[in-house]
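Take a look at the structure below.
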Amino acid sequence: MEQLLETQFEKMGARAKVALETKWPETRSRNRRVIRREEPQPIRVNVLRDGQGEYFEVVRRKDTRVQIVEVRKADRHLLLLARDSHDVKSKFLCGHDERAWFVAAIPESATVRNVQDAKDALKPQAVWESIRAHNLPERQRDRRWNKAFVRQGEWFFIPRPKMRFENLPVLRSEPIRRGRGKPHVCQFLCRLGGEQVRVCGKFPNGLTADEFARLDPLERQRHRWRTMARNARAFVKGAIRHPDHKTIWLSDWHEVVMNTETQAQAMRHVAFLD
């Protein structure tokens, strides 16, 4: 199975290392004694780098069957399906986007039979509404720049040219990020609503005011914190920069919407997403 999967990745121009899981995650006490050993995940999908460049790492549990549903060589994408002993299925879109390889978990609620279905499943509802509003032809729906949206990595920017923010602060060089992913830096950003949180490297999803207050004072002093908004509606314009993507320029306000991969239970099996 391992060799067959690696060959399938080679068809789209990527290297892959596929292996069986041999390590059982351990929970240790303060004196480093092992408290328990946990069953490893059915599958882990990652993008790593060695002396030859980037490659996909696929590590499966012994009872997990993995297959490639479709390879699109010209598009440099493939759809990977994992099925564990309980017949629980997880699907992943693996491919190349501008400058780097990526892997994205597909929501289990979506009916996905091929690469195109996976791309469509990653588009959130707001994107589909914009596609319909602009009567966007099917051949343009996967382009990174069209009338309905601009896409950079996992983020979609939907045009909202009539938005005005006279009474709200406009932030400069503001990052948007998902978890520990590398941030996309927006030249101008304005937020509506959301919950204010304190963010640092250890708590990338942020802590509310109450959670931050309950934190040990030494723990609070140990980190560099940034105040951000969680689950806010964000609007951006100007330059949007990211090291793995070409800088885009938005002349009008655009609403920021993330793709749907965070809705996937399989998201926990993905180590690298951007």
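The values are calculated or read from the model by the stated rules, or taken from the named source; none is laboratory data. The model shown is predicted, which means the values in this text are computed figures rather than measured ones. Cβ: placed from backbone, ideal geometry, glycine included. Neighbour counts: every protein chain shown.
May I ask you to list the residues in segment 120-175 that are aliphatic (A, V, I, L, M) and under 18 Å from Arg241 (Cβ atoms)?
Correct list: Val150, Val170, Leu171.
Need the failing condition index for Ala148 against (1) part of a loop (DSSP other than H, G, I, E, B); (2) surrounded by fewer than 16 Cβ atoms within 10 Å (Cβ to Cβ); (3) modelled with pLDDT of 95 or more; (4) within 22 Å of the chain's Cα centre (by Cα), just the number.
(2)
Test each condition in (1) over 29 Å from Arg160 (Cα atoms); (2) surrounded by 17 or more Cβ atoms within 10 Å (Cβ to Cβ) for Ser130 and report the one that comes out false.
Ser130 satisfies every listed condition except (1).
Take Thr262 and tell me if it is assigned to a helix (DSSP H, G or I) and among the hydroxyl-bearing types (Ser, Thr, Tyr).
yes
For (1) in a strand (DSSP E or B); (2) surrounded by fewer than 18 Cβ atoms within 10 Å (Cβ to Cβ), each residue gets a yes or a no:
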| residue | (1), (2) |
| --- | --- |
| Leu78 | yes, no |
| Cys94 | yes, no |
| Pro107 | no, no |
| Arg113 | no, yes |
| Arg139 | no, yes |
| Arg164 | no, yes |
| Pro169 | no, yes |
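Mind checking which residues of segment 130-154 are under 29 Å from Pro175 (Cα atoms) and among the polar types (S, T, N, Q)?
Once the filter is applied, which keeps residues that are under 29 Å from Pro175 (Cα atoms) and among the polar types (S, T, N, Q), segment 130-154 yields Ser130, Gln140, Asn146, Gln152.
Among (1) surrounded by 12 or more Cβ atoms within 10 Å (Cβ to Cβ); (2) charged (D, E, K, R); (3) modelled with pLDDT under 90, there is one condition Glu154 misses while meeting the rest; what is its number?
Single failed check for Glu154: (3).
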